[in-house]
1. What tally of residues in region 128-151 results from selecting those that are hydroxyl-bearing (Ser, Thr, Tyr) and surrounded by 19 or more Cβ atoms within 10 Å (Cβ to Cβ)?
2. Counting only residues that are closer than 18 Å to residue 63 by Cβ and not in a helix (DSSP H, G or I), how many does region 136-176 have?
3. State all residues of region 167-180 that are open to solvent by 90 Å² or more (accessible area, probe 1.4 Å) and either within 20 Å of residue 102 (Cα to Cα) or hydroxyl-bearing (Ser, Thr, Tyr) (or both); if no residue qualifies, say none.
4. Please pick out the residue among 12, 49, 29 that is modelled with pLDDT of 90 or more, more than 18 Å from the chain's Cα centre (by Cα) and either part of a helix (DSSP H, G or I) or not polar (S, T, N, Q) (or both).
5. I'd like to check something: does region 33-41 contain any residue that is touching a residue at least 40 places away in the same chain (Cβ under 8 Å), open to solvent by 20 Å² or more (accessible area, probe 1.4 Å) and either within 25 Å of residue 218 (Cβ to Cβ) or among the acidic types (Asp, Glu) (or both)?
6. Would you say residue 85 is buried (at least 22 other Cβ atoms within 10 Å of the Cβ) and not acidic (Asp, Glu)?
7. Given the structure, is residue 72 of a type in the set (A, V, I, L, M, F, W, C), open to solvent by 40 Å² or more (accessible area, probe 1.4 Å), within 15 Å of the chain's Cα centre (by Cα) and over 30 Å from residue 51 (Cβ atoms)?
8. Of the residues that sit in region 120-141 and are more than 19 Å from residue 64 (Cβ to Cβ) and in contact (Cβ under 8 Å) with a residue 12 or more places away in the chain, which one is nearest to the chain's Cα centre (by Cα)?
Amino acid sequence: MHIYANPKRFLSLAKWLTPLLFWSGLVLSLGAIAWGMMNVSPDRLMGESVRILFIHVPSAWLGMGGWAGIAISSAMLLIWKHPLASIAARAIALPGMTFTAICLATGSIWGRPTWGAWWVWDGRLTSMLVLLFLYAGYIALAQATAREGGSTKIAAIFGIVGAVNIPIINRSVVWWNSLHQPPSITAGGSSIDASYLWPLLAAVIGFSLLFGGIVLMRMRALIAEQQVEARLRRRALDDDAPRAVTPKAETA
């Protein structure tokens with residue numbers, strides 16, 4: 001990763017990779033959702049509401065995956081002092097928070113006909129709500145340190161500590177008696193019928209590519225913002241610097 005520590009080298013890669021990830025992810029996501037909505041039969045127990053699966057699951061995956069990306073970027077900043085690590089973490093935070101909110105919203109809509117309630121203080125739901133608050137806290141902290149010129153290590157430590165919530169989310173349905181269904185896809189296989197599994201996997205891949213494209217967009221924007229601020233500071237210093245006064249030549 002140190003190969004791309006130079007922003008110029010990173011931007012040359014991101015320039016062509018961003019549209020590739022974004023548009024391929026958008027097309028695949030929409031295609032997978034259409035596949036799931038139109039060609040998959042209703043579930044025997046949940047009926048038509050099961051179709052929200054193709055938005056809910058990828059959003060949950062990216063909510064957790066986004067914070068994992070923040071934690072990895074934070075570790076790279078603290079251990080290797082990678083110059084783009086803090087930018088990557090800041091770029092991940094907002095889309096990660098957005099997908100977490102989508103996960104909670106779609107889960108609530110799905111839960112109403114399935115559980116008879118919009119919200120229950122279930123282990124999975126509660127830990128996912130904590131993740132949303134962690135994202136909000138990280139964004140506020142990162143913006144404050146960037147605005148005030150503080151150390152980026154504070155946000156990085158917060159990003160690593162917050163990662164403790166990820167295994168809690170993942171294992172919550174196993175550790176506690178939960179209304180939420182247990183894991184459907186594990187290392188041992190899948191309990192999901194193939195007619196649901198394939199469009200779901202396509203949706204997860206599509207959403208992930210879209211997420212990657214959005215993160216690269218935000219990284220490019222943050223780098224450009226820093227470059228503009230650096231130019232403005234240099235210009236301000238040049239304007240404030242004392243100018244030498246050349247005495248007029250004496251006339252005979």
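1. Going through region 128-151, the residues hydroxyl-bearing (Ser, Thr, Tyr) turn out to be 135, 138, 145, 151.
Next cut, surrounded by 19 or more Cβ atoms within 10 Å (Cβ to Cβ) only: 135, 138.
Qualifying residue count, region 128-151: 2.
2. Count: 2.
3. So the first thing to find is which residues in region 167-180 are open to solvent by 90 Å² or more (accessible area, probe 1.4 Å), and the list is 171, 175-177, 179.
The one that is open to solvent by 90 Å² or more (accessible area, probe 1.4 Å) and either within 20 Å of residue 102 (Cα to Cα) or hydroxyl-bearing (Ser, Thr, Tyr) (or both): 179.
4. Working: 49 fails: modelled with pLDDT of 90 or more; 29 fails: more than 18 Å from the chain's Cα centre (by Cα).
Answer to the selection: 12.
5. Keep residues of region 33-41 that are touching a residue at least 40 places away in the same chain (Cβ under 8 Å), which gives 33, 35-36, 39-41.
Restricting the remaining residues to those that are open to solvent by 20 Å² or more (accessible area, probe 1.4 Å) gives 33, 35, 39, 41.
Now drop any that are not either within 25 Å of residue 218 (Cβ to Cβ) or among the acidic types (Asp, Glu) (or both), which leaves 33.
Checked against the condition, which is being touching a residue at least 40 places away in the same chain (Cβ under 8 Å), open to solvent by 20 Å² or more (accessible area, probe 1.4 Å) and either within 25 Å of residue 218 (Cβ to Cβ) or among the acidic types (Asp, Glu) (or both), region 33-41 yields at least one hit.
6. Details: buried (at least 22 other Cβ atoms within 10 Å of the Cβ): yes; not acidic (Asp, Glu): yes.
Spelling it out, residue 85 is indeed buried (at least 22 other Cβ atoms within 10 Å of the Cβ) and not acidic (Asp, Glu).
7. Numbers: of a type in the set (A, V, I, L, M, F, W, C): yes; open to solvent by 40 Å² or more (accessible area, probe 1.4 Å): yes; within 15 Å of the chain's Cα centre (by Cα): yes; over 30 Å from residue 51 (Cβ atoms): yes.
Spelling it out, residue 72 is indeed of a type in the set (A, V, I, L, M, F, W, C), open to solvent by 40 Å² or more (accessible area, probe 1.4 Å), within 15 Å of the chain's Cα centre (by Cα) and over 30 Å from residue 51 (Cβ atoms).
8. Going through region 120-141, the residues more than 19 Å from residue 64 (Cβ to Cβ) turn out to be 120-121, 140-141.
Imposing the further condition that a residue be in contact (Cβ under 8 Å) with a residue 12 or more places away in the chain reduces the set to 120, 141.
Working: 120: 25, 141: 16 Å.
Filtering first and then ranking leaves 141.
The values are calculated or read from the model by the stated rules, or taken from the named source; none is laboratory data. As the structure is a prediction and not an experimental result, all values here were calculated from the model. All Cβ positions, even for glycine, are placed from backbone atoms using ideal geometry, and neighbour counts span all protein chains on display. Ligands, DNA and RNA are stripped out before the accessible areas are found, and what is left, the full protein with its side chains, is counted by its heavy atoms. Shrake-Rupley method; radii C 1.70, N 1.55, O 1.52, S 1.80 Å.
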